[in-house]
Amino acid sequence: MAEPDPHEDGAKVASHTLAFLRALDRKMDLVLETQARHTERFGRLERDVAEVRRDLTEIKSDIALLENKTLTAQTEILSLLHRIEQSAAPAIDQFEDAPPSR
């Protein structure tokens, strides 16, 4: 029987090791590509969420401004009604004090 050559066995082991390492390298590249895509998507999502938060803040401030305008308009209406009532009260008193007409 021929004795196996240790140099040939070493070459086979090295070849198999390199093939295994290349397979691991391809898998690692695939994982890194996938991670890069997901990182980009998460970045976009974070940016979109920040825009939504900013928009909601603007909407809240717009609602507060509209509420203030509504309250101001209501106050003006009430003050006008109060002035009308005050100016109408003397006229009603004069009408009641006037002698009955025939």
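Where a number appears in this text, it was derived from the coordinates with a stated rule and is not lab data. Predicted model only: the values in this text are computed from it and were never measured.
Things to note:
- Against the empirical curve 2.2 N^0.38 Å, the C-alpha radius of gyration of the range 14-53 lands at a ratio of 1.94.
- Estimated vicinal HN-Hα couplings, Hz - the range 61-74 in sequence order (Karplus 6.51, -1.76, 1.60; Gly, Pro = x): 5, 5, 5, 4, 5, 5, 5, 5, 5, 5, 5, 5, 5, 5
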